[in-house]
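Undergrad: Here it is, the structure, as structure tokens.
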Amino acid sequence: MNHYSIAIVGAGPAGYFTAQGLQNSQSDDRTFSIDLFERLPTMWGLVRSGVAPDHPKIKTVAKVFEKVAAEPNFRLFGNVEIGKDVDLADLTSRYDAVVMCTGSAVGRRLGIPGEDLQGSYSAAEFVPWYNGHPDFAGLNIDLSGTTAVVIGAGNVAMDCARMLAVDPTELDTTDTADHAHSTFHQSNIRKVYIAGRRGVEHAAFTAPELRDLPKLENTDVHIDANQVHEAHARAEAAGEIEKHLASNLEAWRLIAEHPKSGHARTMEFRFLSAPKEIKGNGKVEEIIFGINKVEGGKVVDTGETYSIPCSLVISAIGYEAAPIPGIVMESGKIKNVDGRVVDTNIYTVGWAKRGPSGVIGTNKSDASDVVALLIEDLGQPKEASDIAAVLSPDHQIITQDAWAKINAAEIAAGEPDGRPRVKEVSVPKLLSLGLN
């Protein structure tokens, strides 16, 4: 029997699904030891720090992760940063394969004047801020103005806009981070715009997300019915409308026709709007949009502009992977061929491999495909060499038992208020919870 040791870097969905794929690929003549490394003391990646707090059902996938972690061939090395606490070379020399599941955590920039003004943020900052990511808990998000603009036409933009537009009492029974929860309760934001550069038919929102919008109890959602009709006409003219687009266009029609209740809180979609400049004296005061049109199936600039006075701009136009020492990056991703990092024993799964696309479940099939390639490449197993010997004896590792203690403590803290958990955002406090 051949016994292989595999290192996985990144304890998000891609990491756990890779571990699951390896566990499911064991046979009478092939077994695996799996070590999962995570920079933070907290696990689950975007399931914890990306999924909107008001969408708790999506987070139930964590039960799958816990089942994976309970297998005897799995070890967790939390609070261990590659390149700082252990080198990538230490992994590639000791393990038969290393799978990078490090995601895409850097927000793409708009590339327009004023983008760095106070009050202008990327969704890559705003989302982890309200979700309690330790790296972003200290952000001073100012919601004292009345109007916010979210730029982007995908579900992340939708999440940002919804968190700003709902009555904060609707977040009282969620796991929104305490600092963000308090800020939302003091928010003066009443008008939230979502702006997309292209037409309604090109938006990447999913139909379930769109169909939930008319159900918001304290927020009116607006879209120009003419834009919906025109998008439908353009889609028909281009040929047979695909099923997912037909579903989206129907959801847009329902939003446009849904009776408005005169709520003080509103969310409004603006399409064919390209951000040109953010203006303000030291802080965001206004954003200028170019007006686009669709001509011959292409989006073109009309040369006309309009502006929205606002105090907050969130850009949600995509993510890129952060550079990793020893790894070649290309187009915001780890340079790879179908998940293989050529001429190495390194592989990659998830957003780090393919860019920020798909839903959480997409990573399961992605992991399965890459695990199959990895197994195909395996030769003779390397001689066993425990990575724990490389780590400083004074460095606190968050093992699976330690993570279980942190998890249990957060859940217990939330119970009195009917919340799923109260997230701890201080790394020293998280580490102390892991010791208790």
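The values are calculated or read from the model by the stated rules, or taken from the named source; none is laboratory data. Predicted model, so just to flag it, every value in this text is computed and none were measured. Positions of Cβ are backbone-derived with ideal geometry, glycine not excepted, and every protein chain shown enters the neighbour counts.
Undergrad: Run down Ala409, Ala404, Ala388 and say which single residue is of a type outside the set (Asp, Glu), modelled with pLDDT under 95 and in a helix (DSSP H, G or I).
TA: One residue alone meets the criteria, Ala388.
Undergrad: Would you mind finding the one in Asp87, Asp96 that is under 23 Å from Lys353 (Cα atoms), surrounded by 18 or more Cβ atoms within 10 Å (Cβ to Cβ) and over 22 Å from the mean Cα position of the chain (by Cα)? Quick ask: steps written out before the conclusion?
TA: Numbers: Asp87 fails: surrounded by 18 or more Cβ atoms within 10 Å (Cβ to Cβ).
After ruling out the rest, the residue left standing is Asp96.
Each row is one residue, and each column tells you yes or no for (1) assigned by TED's automatic domain parsing to the domain that holds Asp135; (2) closer than 24 Å to Tyr4 by Cα; (3) part of a helix (DSSP H, G or I).
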| site | (1), (2), (3) |
| --- | --- |
| Val47 | no, no, yes |
| Ala52 | no, no, no |
| Lys59 | no, no, yes |
| Lys63 | no, no, yes |
| Val68 | no, yes, yes |
| Pro72 | no, yes, no |
| Phe77 | no, yes, no |
| Val80 | no, yes, no |
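Undergrad: Let me ask something else. Identify the single condition in (1) buried (at least 24 other Cβ atoms within 10 Å of the Cβ); (2) outside any helix (DSSP H, G or I); (3) aliphatic (A, V, I, L, M) that Val371 does not satisfy, given that it satisfies every other one.
TA: If we test Val371 against (1) buried (at least 24 other Cβ atoms within 10 Å of the Cβ); (2) outside any helix (DSSP H, G or I); (3) aliphatic (A, V, I, L, M), just (2) comes out false.
Undergrad: Go through the residues of the stretch 244-262 one by one and say whether even a single one is among the aromatic types (Phe, Trp, Tyr), surrounded by 11 or more Cβ atoms within 10 Å (Cβ to Cβ), in contact with a strand residue (DSSP E or B) (Cβ under 9 Å, 6 or more places away or on another chain) and within 29 Å of Gly119 (Cα to Cα).
TA: Within the stretch 244-262, not a single residue is among the aromatic types (Phe, Trp, Tyr), surrounded by 11 or more Cβ atoms within 10 Å (Cβ to Cβ), in contact with a strand residue (DSSP E or B) (Cβ under 9 Å, 6 or more places away or on another chain) and within 29 Å of Gly119 (Cα to Cα).
Undergrad: Return yes or no: is Gly10 in contact (Cβ under 8 Å) with a residue 40 or more places away in the chain and in contact with a helix residue (DSSP H, G or I) (Cβ under 7 Å, 6 or more places away or on another chain)?
TA: In short, no.
Undergrad: With the requirement that a residue be crowded, with 22+ Cβ neighbours inside 10 Å, farther than 23 Å from Ala124 by Cα and touching a strand residue (DSSP E or B) at 6+ places or on another chain (Cβ under 8 Å), what does the stretch 33-65 give you?
TA: Listed by number, the residues that qualify are Ile34, Asp35, Leu36.
Undergrad: Follow-up. Any residue at all in the stretch 375-382 that's outside the structural domain of Leu36 (by TED's automatic domain parsing) and without any contact (Cβ under 8 Å) to a residue 60 or more places away in the chain?
TA: No, the conditions are met nowhere in the stretch 375-382.
Undergrad: Now, a different point. If you take the residues in the stretch 322-350 that are within 17 Å of the chain's Cα centre (by Cα) and either modelled with pLDDT of 95 or more or of a type in the set (Lys, Arg) (or both), which one is surrounded by the fewest Cβ atoms within 10 Å (Cβ to Cβ)?
TA: The qualifying residue surrounded by the fewest Cβ atoms within 10 Å (Cβ to Cβ) is Lys333.
Undergrad: Okay, moving on. Which of (1) assigned by TED's automatic domain parsing to the domain that holds Arg340; (2) touching an Asp or Glu at 6+ places or on another chain (Cβ under 7 Å); (3) not basic (Lys, Arg) does Pro113 not meet, given it meets every other one?
TA: Exception for Pro113: condition (1).
Undergrad: Gln396 versus (1) in a helix (DSSP H, G or I); (2) touching a Leu at 6+ places or on another chain (Cβ under 7 Å): which is the lone unmet condition?
TA: Unmet for Gln396, out of (1) in a helix (DSSP H, G or I); (2) touching a Leu at 6+ places or on another chain (Cβ under 7 Å): (1).
Undergrad: Right, something else. Mind listing whichever residues of the stretch 100-119 are surrounded by fewer than 21 Cβ atoms within 10 Å (Cβ to Cβ) and in a strand (DSSP E or B)?
TA: Val106, Gln118
Undergrad: Just one of (1) of a type in the set (A, V, I, L, M, F, W, C); (2) under 19 Å from Lys59 (Cα atoms); (3) touching a Lys or Arg at 6+ places or on another chain (Cβ under 8 Å) trips up Val156, so point out which.
TA: The number of the failed condition is (3).
Undergrad: Does Ser182 count as within 30 Å of Ala412 (Cα to Cα), buried (at least 16 other Cβ atoms within 10 Å of the Cβ), polar (S, T, N, Q) and in the same structural domain as Glu295 (by TED's automatic domain parsing)?
TA: no
Undergrad: Does any residue of the stretch 138-161 turn out to be assigned by TED's automatic domain parsing to the domain that holds Val221, over 30 Å from Lys276 (Cβ atoms) and either modelled with pLDDT of 95 or more or of a type outside the set (A, V, I, L, M, F, W, C) (or both)? Steps first, please.
TA: Here is the first cut: in the stretch 138-161, the residues assigned by TED's automatic domain parsing to the domain that holds Val221 are 138-161.
This time we only want the ones that are over 30 Å from Lys276 (Cβ atoms), so: 138.
Next cut, either modelled with pLDDT of 95 or more or of a type outside the set (A, V, I, L, M, F, W, C) (or both) only: 138.
Yes - at least one qualifying residue is present in the stretch 138-161.
Undergrad: I'd like the full set of residues that are of a type in the set (D, E, K, R) and either exposed (fewer than 12 other Cβ atoms within 10 Å of the Cβ) or more than 21 Å from Gly107 (Cα to Cα) (or both), limited to the stretch 283-313.
TA: Glu285, Glu286, Lys293, Glu295, Lys298, Asp301, Glu304
Undergrad: Return the pair list, or none, for Cβ contacts closer than 7 Å from residues in the stretch 131-143 that are free of Cβ contacts under 8 Å to residues at least 12 places away in the same chain to residues that are surrounded by fewer than 20 Cβ atoms within 10 Å (Cβ to Cβ), at least 6 apart or on different chains.
TA: Phe136/Glu125
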